[in-house]
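Have a look at the structure below before the remarks.
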Amino acid sequence: MYISDSGIVNVTTSPNIAIIKYWGKINIQEPINPSISFTLSECKTETSIAYQLCKSEKADRQFIFQNERNTHFEQKLIKYLDSLTVFLPWLPDFNLKVTSKNNFPHSSGIASSASGFSAIAKAIADIHEKVSGKDLSVEDISNMARLGSGSACRSIENGWNVWGKNNILQKGNQHYAININSYIHPIFTSICDSVLIVKQHEKKVSSSIGHQLMTNHPYKEGRIRQAHQNMEYLLKALEKGDIKNFLEIAEEEALSLHGLMLSSNPGYTLLVSNSLAIIKKIREFRLSNQIDIGFTIDAGPNIHVLYFEKDSDIVLNFIQSELFSLCNNLAIHDHIQFD
Ligand code: DP6
């Protein structure tokens, strides 16, 4: 009945960092505004899934993360796989054992859910090909990743990806990300991201709660307008190689995201005093040295320093001499994966 009854598939994916932020959902896991991100290169998730035709009534699901069984995530995985059964009717007939590893620390300011779910979606697509003999499109795989974690849909293809309907890119879609590498000016194929790990602990308020708080947020409409406007400006900057505008938009988006958290009901902040001290130093350094450097921030206190390969020596020096004391000497130096 199936072309293959058992086997194992292995995939590797990378997290992504958003420059225009996805914050707030509508319908089933659709974004309230479009977002743009690039995938990282050194940070990786490696996932393998062993599949086997099930002899008993109920298929078994196991999840092993960093060599340990994670029964908490297994519950999430079961729900996730159930949500995919409409596209992949073979799923309930197979036992699946998912083994996953990240080469970057948990709660490091790099969203592991994006690389985690993009890897699971890719591996499931590989199994689909083996058991049914049919390929899935990148759009289908991105859509499957989105159902696990919204930002994961932007980690199926490398480089720059856009998710969400917008007025600039006709192909923009609520269900999957589209790759925009062919529009990108060469300077933006050499972007670097050094994540300064100001604080490593589990976040006090999860992103799921943050997304929910956008539903009745007093600034929701303004935020949606801002994201669409920034999409237009950012796509122009990415095409023209306009670094100055790029950095301005990246910082505005990061601070708006954290402003939305502060002004939600209940309000909260994930930033700590060292996050703000680092931002101040980056801005002062840019002004006095005329270096193309800026920052973005994910849903956490850690600062992503953005710069370009051409300036990496001077920026890495600056990070070491001026910023390391504000992040316990903890940093992950990464750059875009563009191919
Ligand atoms: C701040 O994709 O982690 O990183 O869809 O609930 O899994 P879920 O949320 P998630 O949210 C990411 C939010 C963000 C911005 C972004 O990556 O665009």
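Worth pointing out:
- When segment 78-101 is filtered for residues that are part of a helix (DSSP H, G or I) and of a type in the set (A, V, I, L, M, F, W, C), the ones remaining, listed by number, are 78, 81, 84, 91.
- Residue 224 falls short on exactly one of the conditions (1) at pLDDT 95 or above; (2) of a type in the set (Val, Ile, Thr); (3) within 19 Å of residue 304 (Cβ to Cβ), and that condition is (3).
- Any hit, segment 265-281, residues being more than 25 Å from the chain's Cα centre (by Cα) and on the phi > 0 side of the Ramachandran plot: no
- Candidate set: segment 17-54, residues that are in contact with a Leu (Cβ under 7 Å, 6 or more places away or on another chain) and of a type outside the set (A, V, I, L, M, F, W, C); chosen: the one nearest to the ligand (Cβ to nearest atom): 21
Yes/no per residue for (1) surrounded by fewer than 20 Cβ atoms within 10 Å (Cβ to Cβ); (2) touching a helix residue (DSSP H, G or I) at 6+ places or on another chain (Cβ under 8 Å); (3) at pLDDT below 95; (4) farther than 20 Å from residue 125 by Cβ:
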residue: 33; (1), (2), (3), (4): no, yes, no, yes
residue: 37; (1), (2), (3), (4): no, yes, no, yes
residue: 41; (1), (2), (3), (4): yes, no, no, yes
residue: 55; (1), (2), (3), (4): yes, no, yes, yes
residue: 70; (1), (2), (3), (4): yes, no, yes, yes
residue: 86; (1), (2), (3), (4): yes, no, yes, no
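- In segment 8-31, the residues that are polar (S, T, N, Q), surrounded by fewer than 23 Cβ atoms within 10 Å (Cβ to Cβ) and over 19 Å from residue 210 (Cα atoms): 10, 12
- Qualifying position, being at pLDDT 95 or above, within 15 Å of the ligand (Cβ to nearest atom) and aromatic (Phe, Trp, Tyr), among 176, 219: 176
- Restricting segment 140-164 to residues that are charged (D, E, K, R) and surrounded by 24 or more Cβ atoms within 10 Å (Cβ to Cβ) leaves a set whose member that is farthest from residue 34 (Cα to Cα) is 146.
- Residue list for segment 132-149, filter: assigned to a loop (DSSP other than H, G, I, E, B) and either more than 15 Å from the chain's Cα centre (by Cα) or modelled with pLDDT under 95 (or both): 133, 134, 135, 136, 137
- The set of residues in segment 101-116 that are away from the ligand (no atom under 16 Å from the Cβ) and crowded, with 20+ Cβ neighbours inside 10 Å is empty.
- Qualifying residues in segment 117-139 (those that are touching a residue at least 24 places away in the same chain (Cβ under 8 Å) and among the basic types (Lys, Arg)) - the one surrounded by the most Cβ atoms within 10 Å (Cβ to Cβ): 122
- Qualifying residue in segment 165-185 (condition: in contact (Cβ under 8 Å) with a residue 60 or more places away in the chain, out of contact with any Phe, Trp or Tyr (no Cβ under 8 Å at 6 or more places or on another chain) and buried (at least 20 other Cβ atoms within 10 Å of the Cβ)): yes
- Yes/no for residue 212 being in a helix (DSSP H, G or I) and within 16 Å of the ligand (Cβ to nearest atom): yes
- Conditions (1) within 23 Å of the chain's Cα centre (by Cα); (2) over 28 Å from residue 165 (Cα atoms): number failed by residue 238: (2)
- When 123, 152, 119 are screened for being modelled with pLDDT of 95 or more and away from the ligand (no atom under 16 Å from the Cβ), only 123 passes.
- Exactly one residue out of 62, 52 is closer than 16 Å to residue 4 by Cβ and either assigned to a strand (DSSP E or B) or among the aliphatic types (A, V, I, L, M) (or both): that is 52.
The values are calculated or read from the model by the stated rules, or taken from the named source; none is laboratory data. Note that the coordinates shown come from a computational prediction; the quantities given were computed from them, not determined experimentally. In this analysis, Cβ positions are derived from the backbone assuming ideal geometry, glycine residues included, and neighbour counts consider all displayed protein chains.
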